[in-house]
Amino acid sequence: MEILHSGLLQRALLEVVVLGGACGALGVWLLHLREVYAAESLAHAMLPGLVLASLAGVPLLLGATGGVLAVAALIALAARDSRLGSEIAVGVVVTATFGLGAVLALAPDVPVGLDKLLFGDLLGAATADLLAAGALAVIVAVALLAGHRAMTLTVFDPVSAPSLGARPARVRLAVLALLAVAVVAAVLSLGNLLVFALLVAPAAAAMRIGRSVRAQVLLAAALGASAGVLGLVISAELDVAAGGAVALAAIALYLAAGLAGSSRSTARRRSIVEALGAER
Amino acid sequence: MRWLTDPLAAPFMQRALLAALGLSVAGGLLGTWIVLRRLAFFTHAAGSATFPGLVVAGPWGLAPPIAALAAGLGFAGMLARMTRRGATSSDAATGLLLAGALALGIVLASDVYPSGTGVDRLLFGTLLGLSDADLWLTLAVAVAAITATAALGRTWLMTGFDPAAARSLGVRAARGDGLLLALLAVSVVAALPAVGALLVTTLLVVPAATARLLTASIGALLAASVALAAAESVTGLLLAYHLDLPPGPAIAIVGGGAFALAALATAAPWRSGVRATG
Amino acid sequence: MTTVIETADLAAAYASGPPALSGVTFAADEGQAVAVLGPNGGGKTTLFRALLGEIAVVRGTITIGDATAYVPQTERSRLDFPVSALDVALMGAYARTRWYRRVTAADRASARAALERVGLADQARTRFGELSGGQRQRVLIARALVQDARVLLLDEPFGGVDHASEQAIMDTLDDLRADGRVLLIATHDVEQARRWDRVLCVRGEQIAYGAPADTLTNAVLEATYGPEIVMLDCGHRAVAIQHHHH
């Protein structure tokens, strides 16, 4: 395991362990709240912000933040229209912004390549990226502890939640804000397309095994960090793209969890379209 | 005027425009069902899931539509299996498959077959090189969308608004839904050459969502979606031609602009009284 | 007898819309159970939400002397969410627990006592989604007890439960009445409404309020459910049947 001695890889390992842990833990709540599409889109749709920042020569982190804020505002605006609902609003906004981002990114004078923005650059993790990842982990941990009960009420019983002391709409907004922070912190390392894998796969794996939400969150954090390490090692040994290897490792862990966890299902059988539409 | 006629003189643009019109018929009709049944995430994921298929098509000597179709149908099949067993919720399953397909595609494209076709082209579409097969597939999808909407529209509508009543239809509703998903997967594949794997929602979701802002009646919705899809894709293609852009993003921007205009027009303060409230 | 809950000419509306329910005037004393009858969309839920202070009262007054809790239909809760019966009962203590604190030992004890009271002490560790419909309903009632509620608003508590469970829920509700709590029970079941102390019929506005014998007349029921109502009189059980629209 000589690869672990390279300074570049040590930084990348630290980065991916911290990001994997934070994203994994947050992912459990995103899955319970059925915000998977929002998680995926937020990462995609910050592309124009990233490209504009790189064109303007300002830090990419700033562009990512601006991009996420703009997209979140647009989605919130479009979703207010009850004729469409949030799913279609997300679809429209992400399509338009991602298209804009791609057009901008293909402009000849963009210093950062489209590839790097889409697929990330885990091995290029700088100190600033490590700090951002560390800050993210702290924010996620505090927010999940503080919001545990409010999120529980919002997921489990949104109808009664107000009379039990939680406002579902605000809780959802807070979770989406947390998601935005996570995506901003992770996007430069993991890439536009793959940050999402670490939000979904470890959480889905943990939810097949964990018998309580707390167990699921802790397990997902551990699985996220493990997927990071596993993916990086594979990437170094086989010389394949780091972001892709990490994402595939996370999905492999989900499949393994399926073998380990008994699939307890209380859901009745139903048409697949009904399943797709009903849960949003 | 030359801005309009010049592109038409180029044979590759004639083909692209022809494909765009065919796709608009399919995209507008099926998009209506996507919007009414909330299947945008599925559609987007099905598009992205074709990415690894496209990457290996060249090196393995497969026709790209065949490889993409295999990947897309594989995605739909795995999703159906995961949701049916109930261990993972449908949106988590969709997300997992989507992430897996993208990661696989990226690893294949950057490491296993690095010299293959440009990843940009696969992800965002191209104006060049639409083959006869692509055009025939587009035509077939358009015809299938018209036929299926005429034959099954009522079932799809009912399943969407009243699952209980639909369940009493039993097998018919389930078959109808299965057919809708299969049709979506095939249309996604037909749309790939023009708009790319990441932006199939440009034709399949955005025009119908815009139409939904403008009308509520199902007939008008279908017609307006097709018309908007056609107008947006032709405008987008012309922009792409003149500004040397990939067509997918260009159409996406036009569609996003049209949606924003429609949203502004229908949500203006003087109309706020008639807007439905949450 | 002290009056615990009272409304006078109450009208309530959802954001900026017209009143969804108006002209509601009723009063309930300690230990009374009030059946709230009405068609879907007739205003039962609106009344509950107004009593909980979640939507705007546009006219009239509400006077409630005690803490009020809402007991939802169990199908509304997410059954795949990994919480135990005890966890659900504990949710009744969330509103009084600051976000940086743990739920206190006293609240834990009160949650266990509440489960005991609804006859589910042995199911405390069972996952909520794995309980039967009737058991879930009783866990939600236990949650209301942990809220220290003296007024319980129950939404179709007998919907989709079998006969044995119905009896168990009924026993629990009788126990709560004996304790002096006030119950408002939204229901479709006309025959069951006869069992309670008072009946409130609503359809956009109040149709009638009073003792079951005075209220449940054919004229009132027709005004409540409309002419399409079908009364099935199978000897001991009359049920209002209507077309369901969702």
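The values are calculated or read from the model by the stated rules, or taken from the named source; none is laboratory data. The shown structure was predicted, so the numbers you read here are calculated from the model rather than taken from an experiment. FYI the Cβ positions are ideal-geometry reconstructions off the backbone, even for glycines, and counts take in every protein chain you see. What goes into the accessible areas is simple: the full protein's heavy atoms, side chains included, and nothing from ligands, DNA or RNA. Shrake-Rupley method; radii C 1.70, N 1.55, O 1.52, S 1.80 Å.
Evaluate region C:127-140: report whether one residue or more is more than 20 Å from the chain's Cα centre (by Cα), more than 13 Å from chain A (Cβ to nearest Cβ) and either closer than 15 Å to residue A:157 by Cα or in contact (Cβ under 8 Å) with a residue 24 or more places away in the chain (or both). No, there is no match, as no residue in region C:127-140 is more than 20 Å from the chain's Cα centre (by Cα), more than 13 Å from chain A (Cβ to nearest Cβ) and either closer than 15 Å to residue A:157 by Cα or in contact (Cβ under 8 Å) with a residue 24 or more places away in the chain (or both). Residues in region B:116-128: is at least one surrounded by fewer than 22 Cβ atoms within 10 Å (Cβ to Cβ), away from every other protein chain (no Cβ under 14 Å) and among the hydrophobic types (A, V, I, L, M, F, W, C)? Yes, that holds for at least one residue.
Take residue C:189 and tell me if it is surrounded by fewer than 21 Cβ atoms within 10 Å (Cβ to Cβ) and among the charged types (D, E, K, R). Here the answer is yes, as residue C:189 does meet what is asked. Would you check if there is a residue in region A:214-234 being over 16 Å from the mean Cα position of the chain (by Cα), at the interface with another protein chain (Cβ under 10 Å from one of its Cβ atoms), closer than 24 Å to residue C:129 by Cβ and buried (at least 24 other Cβ atoms within 10 Å of the Cβ)? Within region A:214-234, one or more residues are over 16 Å from the mean Cα position of the chain (by Cα), at the interface with another protein chain (Cβ under 10 Å from one of its Cβ atoms), closer than 24 Å to residue C:129 by Cβ and buried (at least 24 other Cβ atoms within 10 Å of the Cβ). Scanning region B:58-90 for residues that are under 20 Å from residue A:249 (Cα atoms) and in contact (Cβ under 8 Å) with a residue 40 or more places away in the chain yields one hit, B:75. Name the single residue that is nearest to the chain's Cα centre (by Cα) among those in region C:23-48 being open to solvent by 30 Å² or more (accessible area, probe 1.4 Å) and among the hydroxyl-bearing types (Ser, Thr, Tyr). Applying the filter and picking the extreme gives C:45. Residues in region C:1-33 that are out of contact with any helix residue (DSSP H, G or I) (no Cβ under 7 Å at 6 or more places or on another chain), in contact (Cβ under 8 Å) with a residue 40 or more places away in the chain, within 20 Å of residue C:69 (Cα to Cα) and of a type in the set (Gly, Ala, Ser): C:28 alone.
Of the residues making up region C:75-90, those that are touching a Phe, Trp or Tyr at 6+ places or on another chain (Cβ under 6 Å), facing chain A (nearest Cβ under 7 Å) and of a type outside the set (D, E, K, R) number 3.
Suppose the filter is facing chain A (nearest Cβ under 7 Å), touching a Lys or Arg at 6+ places or on another chain (Cβ under 8 Å) and surrounded by fewer than 22 Cβ atoms within 10 Å (Cβ to Cβ); does residue B:80 pass it? No. All of A:153, A:248 fail the test of being within 14 Å of chain C (Cβ to nearest Cβ) and either open to solvent by 10 Å² or more (accessible area, probe 1.4 Å) or closer than 30 Å to residue C:153 by Cβ (or both), apart from A:153.
Within region A:83-105, which residues are of a type outside the set (Val, Ile, Thr) and open to solvent by 20 Å² or more (accessible area, probe 1.4 Å)? Steps first, please.
To start, the set of residues in region A:83-105 that are of a type outside the set (Val, Ile, Thr) comprises A:83-87, A:89, A:91, A:96, A:98-102, A:104-105.
Passing the criteria: A:83, A:86, A:96, A:100, A:104.
Would a scan of region C:112-120 turn up a residue that is of a type outside the set (Asp, Glu), under 19 Å from the mean Cα position of the chain (by Cα), open to solvent by 10 Å² or more (accessible area, probe 1.4 Å) and closer than 30 Å to residue C:203 by Cβ? No, region C:112-120 contains no residue that is of a type outside the set (Asp, Glu), under 19 Å from the mean Cα position of the chain (by Cα), open to solvent by 10 Å² or more (accessible area, probe 1.4 Å) and closer than 30 Å to residue C:203 by Cβ.
Can we say residue B:86 is under 28 Å from residue B:232 (Cβ atoms) and either open to solvent by less than 60 Å² (accessible area, probe 1.4 Å) or at pLDDT 90 or above (or both)? Even if it seems obvious, please write down each step before you answer.
Values: under 28 Å from residue B:232 (Cβ atoms): no; either open to solvent by less than 60 Å² (accessible area, probe 1.4 Å) or at pLDDT 90 or above (or both): yes.
So residue B:86 does not fit the description; no.
Taking the criterion of being within 23 Å of residue C:184 (Cα to Cα) and more than 7 Å from chain A (Cβ to nearest Cβ), the only residue of region C:93-108 that qualifies is C:93.
Does any residue of region A:164-174 turn out to be in contact (Cβ under 8 Å) with a residue 60 or more places away in the chain, buried (at least 17 other Cβ atoms within 10 Å of the Cβ) and farther than 30 Å from residue C:68 by Cβ? For region A:164-174, residues in contact (Cβ under 8 Å) with a residue 60 or more places away in the chain, buried (at least 17 other Cβ atoms within 10 Å of the Cβ) and farther than 30 Å from residue C:68 by Cβ: absent. Of all residues in region B:30-48, count the ones that are touching a residue at least 60 places away in the same chain (Cβ under 8 Å) and more than 7 Å from chain A (Cβ to nearest Cβ). Of the residues in that region, 10 qualify.
Counted as qualifying within region A:25-138 are the helices (runs of 4 or more DSSP H) with 3 or more residues that are within 13 Å of chain B (Cβ to nearest Cβ) and within 24 Å of residue A:200 (Cα to Cα), namely A:36-45, A:60-79, A:85-105, A:114-119. For region C:59-98, a residue qualifies if it is in contact with a helix residue (DSSP H, G or I) (Cβ under 6 Å, 6 or more places away or on another chain), in a strand (DSSP E or B) and within 14 Å of residue C:135 (Cα to Cα), and exactly one does: C:71.
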